[in-house]
Each structure stands twice: as structure tokens, then as C-alpha cells.
Amino acid sequence: MDQTFVDLLAGNLAHAAAFDDRFDDLQAAQHPHTVTICCSDSRVLQDHMWGNEAPGRIFTCGNIGNRVVQRTDEGDVVSGDVLYPLAHTGTETAVVVGHTGCGAVTATYDALTGDVNDLPGIEGCLDLLKPLLEPGVEALPDDLSRPEAINRLVEYNVDRQVDVLVGSDDVPPGVEVVGAVYDFQDVYGGDRGEVHVVNVDGERGVADLRATYPAIEDRIRRLWVY
């Protein structure tokens, strides 16, 4: 067996010893206050980015491109893994978390501007992103470098996923939807690993967001105003 997995199991023993009594109140049910929708990427530490070590606090979803949409026979709908905590566990906050240098956004950009051939399962994920990102690709300024274009599209993708949740009748009234970007590439000017808020309930204006949410005004930043 690969030694890396052996090491992971050893690490799990330490985890189990530290967390043993933290599950006492969670045996029968869960009531997380937040659901996060992150991109599936080994660099995106989905719980650790929040400093979270409390089971039951965050309902964590991950997929290619931090999507909130799945395709059904009835059309595109809010994904079940995102909707479950909002509809059934009393969760009142949804946070869509993109990240700098996103491979899914990059692949979608390449597919929209050229030709990308990949495995069917991966192409299926990109097909869910294409219609959301295509207007953003068309709106990109001409003088951007490729990395700059991708990171602006990362924000654009977060905005579109937020729009889907805000506009869905399946999402219970009163759920607050936050859009954020996890930055490990020094793009936003903070420390590596910082989360920057770019959208709340569809509002993208930095000045308006800072005025409305003064407690987090130093964490509200955007690369692209469109």
C-alpha cells in the first residue's frame, strides 16, 4: 500500500483522539449554520480556510468549479448537495467560494475560446459552467494577460453561482448568499490563504458592501467591476 495513505491513516488516529468528545451532541442530527460550496482542488483547504475544527458547524460541498447547479430531466436546478442543508437542517447562510488560478474556470475559458477535449465526466462539468461564463469571457478587456483574465472570470463565476441561489425558488427565504474568493496567489494583496468577499446576495459594489457590512469591510475586495 502507498505510504502516503498509511500516513493519512496515522494522522486520522490523532484526529480521532482529539475529536472524540466533539461529536457528543451530533449523534442524531446536524444543524450547520453555513453551507460552503468550494472548488475541488487540493490547494483549497475547505474547512481549514475558516480555522474550523468544530464538527457540525459547516456543511461543506466541493465540486469542479464551485458550482451550485446540477442538470436533471427537468433542466438545470440547484444542486441537491447544496440545497439539502438549506432545505432540511435550518442552515441560513450559503457561501460560494472560488479560488485564484481555478483550473475549472481556465478549462471553461479555453473551451469557449478554442477547443478542449477531455473525459466525458469532466466535459459534463464544463458544460454546466459554459453558459454562465460565456458572457463574462466576451466582456473581458482586451489588454489582460491570461492569468488576469482567468482571475477575473473566477469572480464572474462566483457572481453567477450566487445569482442562481438568489434567484431560485427552491432556496428558502431569508438565506443569505455570500460570494468569496480564496487567494493563494497574492492576487488580492492580502496574505496567502485569505478569503475575500466579492458579493453578498447579488450586490457586487465594493463601496456599497463595505457600507452595509462594516464588520468585514477590510475583507471586501474585487478585481473586476463590470
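Data overview
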{"read-out": "Per-region count, the range 178-187, residues surrounded by fewer than 24 Cβ atoms within 10 Å (Cβ to Cβ) and under 14 Å from Asp201 (Cβ atoms)", "value": "1"}
{"read-out": "Selection count where residues are over 26 Å from Thr36 (Cβ atoms), modelled with pLDDT of 95 or more and exposed (fewer than 12 other Cβ atoms within 10 Å of the Cβ), scope the range 114-141", "value": "2"}
{"read-out": "Unique residue being of a type in the set (Asp, Glu) and in contact with a helix residue (DSSP H, G or I) (Cβ under 7 Å, 6 or more places away or on another chain) when the list is Asp201, Asp159, Asp142", "value": "Asp201"}
{"read-out": "Residue among Arg22, Arg43, Arg71 that alone is open to solvent by 40 Å² or more (accessible area, probe 1.4 Å), more than 15 Å from Val95 (Cα to Cα) and in a strand (DSSP E or B)", "value": "Arg71"}
{"read-out": "Selection status of Glu155, part of a helix (DSSP H, G or I), open to solvent by less than 20 Å² (accessible area, probe 1.4 Å) and farther than 16 Å from Val69 by Cβ", "value": "yes"}
{"read-out": "Those residues of the range 205-222 which are surrounded by fewer than 19 Cβ atoms within 10 Å (Cβ to Cβ), touching a strand residue (DSSP E or B) at 6+ places or on another chain (Cβ under 8 Å) and in a loop (DSSP other than H, G, I, E, B), in sequence order", "value": "Tyr213"}
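One line per residue, one yes/no per condition, for (1) basic (Lys, Arg); (2) open to solvent by less than 50 Å² (accessible area, probe 1.4 Å); (3) in a loop (DSSP other than H, G, I, E, B); (4) out of contact with any Ser or Thr (no Cβ under 8 Å at 6 or more places or on another chain):
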{"position": "Val6", "(1), (2), (3), (4)": "no, no, no, yes"}
{"position": "Gln30", "(1), (2), (3), (4)": "no, no, yes, no"}
{"position": "Pro55", "(1), (2), (3), (4)": "no, yes, yes, yes"}
{"position": "Phe59", "(1), (2), (3), (4)": "no, yes, no, no"}
{"position": "Gly62", "(1), (2), (3), (4)": "no, yes, no, no"}
{"position": "Tyr84", "(1), (2), (3), (4)": "no, no, no, yes"}
{"position": "Ala94", "(1), (2), (3), (4)": "no, yes, no, no"}
{"position": "Thr106", "(1), (2), (3), (4)": "no, yes, no, yes"}
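The values are calculated or read from the model by the stated rules, or taken from the named source; none is laboratory data. Quick caveat: nothing in here was measured; it's all calculated off a predicted structure. Methodologically, a virtual Cβ is constructed for each residue, glycine included, from the backbone with ideal geometry; neighbour enumeration extends over all protein chains shown. Note: areas computed on protein heavy atoms with side chains; ligands, DNA, RNA excluded. Shrake-Rupley method; radii C 1.70, N 1.55, O 1.52, S 1.80 Å.
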